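The values are calculated or read from the model by the stated rules, or taken from the named source; none is laboratory data. Predicted, not measured: the structure shown is a model, and the values here were computed from it. A quick note on method: Cβ atoms are made from the backbone with ideal geometry, for glycine too, and the neighbour counts reach across all protein chains shown.
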Amino acid sequence: MKKTYSTQEIEKRLSEAGVQPTLQRIAIGQYVLCDADHPTAEDVLAWAEKKLMKISQATVYNTLNTLVEAGLARPFRFPHSDKVVYDSNLMDHFHFLDEKSGQVYDIAMEDIEIKVEMPKKYKIKSLDVVIKGEIKN
Ligand SMILES: [Zn+2]
């Protein structure tokens, strides 16, 4: 499940991360963390330009980096795209890619079973799983 954040919470986390929580940054935080779904930096920029009018690309990129540094979003690269998406679901989870629509869905780890057995010399730190297919109607 996605966590929802209040404006105050986003403001607080930005401050804690050492950046001035301007209205623009808070709005970007709200969009990335609550409203958008695995957006790319380009998605966020397009949204911000539409919504916030005067905003620099640097502000958008810096804010995304701040959200990552503050531990609020994780950058993730899907194998089907060369773009990094920002994932606000901080629970360990896997992804399902609907190849028809390109839509990405979060799959809770407890909903599927994946068994990984590695030779002892490898220490696993994380496991990214992207399952491709299509949504059945
Ligand atoms: Zn995700």
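Hey, which of the strands (runs of 3 or more DSSP E) in segment 1-106, taking only ones fully inside, have at least 2 residues that are surrounded by 17 or more Cβ atoms within 10 Å (Cβ to Cβ)? Walk me through it before giving the result.
On the way: elements: 74-77, 84-87, 93-98.
In segment 1-106, 84-87, 93-98 are the strands (runs of 3 or more DSSP E) which contain 2 or more residues that are surrounded by 17 or more Cβ atoms within 10 Å (Cβ to Cβ).
Within segment 77-87, restricting attention to residues that are at pLDDT 90 or above and not acidic (Asp, Glu), which residue is farthest from the ligand (Cβ to nearest atom)? Let's see the steps before the verdict.
Applying the first criterion (at pLDDT 90 or above) to segment 77-87 yields 84-87.
Now restrict to residues that are not acidic (Asp, Glu): 84-86.
Working: Val84: 13, Val85: 8, Tyr86: 10 Å.
Of everything passing the filter in segment 77-87, Val84 is farthest from the ligand (Cβ to nearest atom).
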Which pairs turn up if I take residues in segment 78-94 that are of a type in the set (D, E, K, R) and look for partners that are surrounded by 13 or more Cβ atoms within 10 Å (Cβ to Cβ) with beta carbon separation below 7 Å, at least 6 apart in sequence or on another chain? Lys83/Thr40; Asp87/His38; Asp87/Ala73; Asp87/Arg74; Asp87/Phe76; Asp92/Met109
Scan segment 46-58 and tell me whether some residue there is more than 14 Å from the chain's Cα centre (by Cα), of a type in the set (Val, Ile, Thr) and modelled with pLDDT under 90. yes
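Can you say whether Glu69 is away from the ligand (no atom under 16 Å from the Cβ) and touching a strand residue (DSSP E or B) at 6+ places or on another chain (Cβ under 6 Å), as far as the supplied structure shows? Before the answer, list the steps.
Working: away from the ligand (no atom under 16 Å from the Cβ): yes; touching a strand residue (DSSP E or B) at 6+ places or on another chain (Cβ under 6 Å): no.
The answer is no for Glu69.
Hey, among Val129, Val60, which residue is within 30 Å of Arg13 (Cα to Cα), among the hydrophobic types (A, V, I, L, M, F, W, C), in contact (Cβ under 8 Å) with a residue 24 or more places away in the chain and not assigned by TED's automatic domain parsing to the domain that holds Leu14? Quick ask: steps written out before the conclusion?
Values: Val60 fails: not assigned by TED's automatic domain parsing to the domain that holds Leu14.
None of the others qualify; the one that does is Val129.
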